[in-house]
């Protein structure tokens, strides 16, 4: 194994010059110096047969996984990007029609959900409640007009955003556990922009002004500015772990978790010390400027009362699903992200910069997570409120997995989980023993079944492994 | 600043670090065998809930402790089944377990105790005892015997893990399975069996950690009482480079930050003192760097570090004496440091360390890759 002294990529012994920058390769593969790149190239998606000589090599450790990676990559050198049809390509099953494959895609998550409901039903039965009554409350409560449907769609909005966020990262082979932190930071920044550019004075009860606005923009300017602020803040907070992974190879799972804590603490500091109305016992900022409020859909849809907080962010969420689909499957950038997720070494061999894709995917993921702020801050609470998120970031992981990391699937899964969230309130109120925590339980079991059963499918999207 | 650095801070650190140490060591067994264990959070919660409810019924913390171990091992077995047998994605499975155990204990405690997500209070004599209750004849050593039995157990487990991992055939095989399962298989090691053992051990240890949370530190189980400790343990494990003693030190760092946060709440701090301590830390780093470059200790990192502490402490005291007049002339009023900034420190340190500024942390090579026996 040889490594390039300038770019640290590794190549087969037969090569003399680096394929990327043409530098002369140094003979021994220097493991310590080959930073994140080698770790990216050294891993390959499992399932492909590996060269058998590996097991018998006398000194196994440093070289073990690399020949396989090269072998992999060397297969189709510079193969032009196959522009694949919308549903993720299923190699070996091209004979199926698209409709069939669509149903197969749908069938598996449905089975997982069904199995989870049965498993959970057993627990409910053992606890001493009727599973049927519980499920009737859990699911049936969501379909009454207007309250049930209105609140369900309102609950689904943040889940669509976080689900999309996790799905985009997943398509690049990254797990973004940090959507929670990203949406907190984004929500605060949105609130900050709404206060500072919305002409809001923060006054103490005594009449002293503690924070004064920079500008007082009209709605037509302020709302887009706030939305952009939400997306940019989320993208930056999401981009940091991407950057760290790309530059230093540190694992994105740990970094996103750490940044969750940092983000919540940072935002808590600014809220507590700078943007709270003094004397307010609740950890929340002052209200954002009136003109930054986005209207509820109740104003436009007859029969939907205005008290239901379903707002334009829901339309934006549907739009985001469409845009993510177009981005991932119809653009060059999206193709490169998916290629990186499917097989990083092959992608790199084909001339895609893995580092760039990782940073890009994490930023987009963070930006999507940040859009939750549009629903919560601009559309609902009209202020940043500490602890507003009902684990949206983590439920987003479940949504993405159940939705098979496809925007349409994410949309459906988010609706399902929103139904459960809505039903949980009624389960709490009307059953003897079972509490709304059953919703968490169901989500957990669904993920387990999806993971255990669908590992073969998920595997393909988790090719970039532990650095 | 001076009044902060006391024995009580030290023992507070130990108390707060104990569940982290146990969970992180659990993670160590699993990850050394090649299975990512992101489910430590869920395992802690499983242990905590089981310990609290069993102790409530049985009236003995020891029964509760064993039940918590068993529960942790059982949940870990489910993880192992999914990850090893069905080759499920390990991170996804762990996430599922974490979410499941956010809900399951709350549902069960709601059913068992007709409460919303918490178990009933357990009387103090049924909690896991401090050493002072086992050693009543040593009142003079009160400050040292105030430590929980579990903290001591955690220390024992660290040392035992160190021995097992590096000095026994089992440890060698476990590590080989995590590093290069193909080679281990060729040498006749049962790869998947060892992975099962590693994951189940991790569950049992995290279960003890959970028991400490519910029947050691507090006296009941509350919903989501682990509050992210499982993730911090995971970070400590990576911070400690998957080695037992280093992992324990990383856990102590996180525990220390927690303890300081609690102590600093609402206490004004003198800026001058803070600057002085900061200078001390810079001294420590510089001295350590110099010693490291000179490599006087022939590779013993621990000796190097201890020497650095001693030398830099002396230099720091001399520096303080020399600059005393100057610092006393500064009249900066003490300020209250926002708690949030202190809370952030361990997480920021983890991020910085992981980025490799202090030393690359190398994972077991086969971590996260299911093993497929070749046909």
**Asked** Given the structure, is residue B:277 without any contact (Cβ under 8 Å) to a residue 40 or more places away in the chain, in a helix (DSSP H, G or I) and away from chain A (no Cβ under 14 Å)?
**Response** no
**Message:** I need every pair where a residue in the stretch A:342-361 that is crowded, with 19+ Cβ neighbours inside 10 Å has its Cβ under 6 Å from the Cβ of a residue that is modelled with pLDDT of 90 or more and not in a helix (DSSP H, G or I), sequence separation at least 6 or different chains.
**Reply:** A:357/A:172; A:361/A:172
**Boolean, residue A:374 is modelled with pLDDT under 85 and crowded, with 24+ Cβ neighbours inside 10 Å** = no
**Item:** Tally of residues being facing chain B (nearest Cβ under 7 Å) and over 17 Å from residue B:237 (Cα atoms) across the stretch A:241-258
**Value:** 2
**Fill in**
For the stretch B:205-230 the number of residues that are out of contact with any strand residue (DSSP E or B) (no Cβ under 9 Å at 6 or more places or on another chain) and surrounded by fewer than 24 Cβ atoms within 10 Å (Cβ to Cβ) is 9
**Request:** Just name the residue that is farthest from residue B:37 (Cα to Cα) out of those in the stretch B:81-92 that are more than 22 Å from the chain's Cα centre (by Cα) and either assigned to a helix (DSSP H, G or I) or more than 7 Å from every other protein chain (Cβ to nearest Cβ) (or both).
**Result:** B:85
**Request:** Having 2 or more residues that are over 20 Å from residue A:373 (Cα atoms) and in contact with a helix residue (DSSP H, G or I) (Cβ under 6 Å, 6 or more places away or on another chain) is the bar; report the helices (runs of 4 or more DSSP H) wholly within the stretch A:113-204 that clear it.
**Result:** A:131-140, A:147-171
**Any chance residue A:186 is assigned by TED's automatic domain parsing to the domain that holds residue A:436, within 26 Å of residue A:451 (Cα to Cα) and at pLDDT 85 or above** = no
**Item:** Which listed residue, of A:126, A:138, A:159, A:110, is within 25 Å of residue A:450 (Cβ to Cβ), assigned by TED's automatic domain parsing to the domain that holds residue A:406, within 28 Å of the chain's Cα centre (by Cα) and surrounded by fewer than 18 Cβ atoms within 10 Å (Cβ to Cβ)
**Value:** A:110
**Request:** Taking residue A:194 as the residue in question, decide whether it is touching a residue at least 40 places away in the same chain (Cβ under 8 Å) and more than 23 Å from residue B:95 (Cα to Cα).
**Result:** yes
**Request:** Scan the stretch A:237-285 for residues that are surrounded by 20 or more Cβ atoms within 10 Å (Cβ to Cβ) and part of a loop (DSSP other than H, G, I, E, B) and report the count.
**Result:** 3
**Prompt:** Within the stretch B:44-72, which residues are under 25 Å from residue B:99 (Cβ atoms) and not in a helix (DSSP H, G or I)?
**Reply:** none
**Fill in**
residue B:374 vs (1) in contact with a helix residue (DSSP H, G or I) (Cβ under 7 Å, 6 or more places away or on another chain); (2) modelled with pLDDT of 75 or more; (3) within 14 Å of chain A (Cβ to nearest Cβ): all pass except (2)
**Asked** Can you name the residue in the stretch B:108-130 that is in a helix (DSSP H, G or I) and surrounded by 24 or more Cβ atoms within 10 Å (Cβ to Cβ) and is also nearest to the other protein chains (Cβ to nearest Cβ) among such residues?
**Response** B:110
**Asked** Is it the case that the stretch B:90-112 has a residue that's over 30 Å from residue A:400 (Cα atoms) and assigned by TED's automatic domain parsing to the domain that holds residue B:190?
**Response** yes
**Request:** Pick out the one residue from A:254, A:209 that is in contact with a strand residue (DSSP E or B) (Cβ under 6 Å, 6 or more places away or on another chain) and without any contact (Cβ under 8 Å) to a residue 60 or more places away in the chain.
**Result:** A:209
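The values are calculated or read from the model by the stated rules, or taken from the named source; none is laboratory data. Just so we're clear, the structure is a prediction, and the values are computed from it rather than from any experiment. FYI the Cβ positions are ideal-geometry reconstructions off the backbone, even for glycines, and counts take in every protein chain you see.
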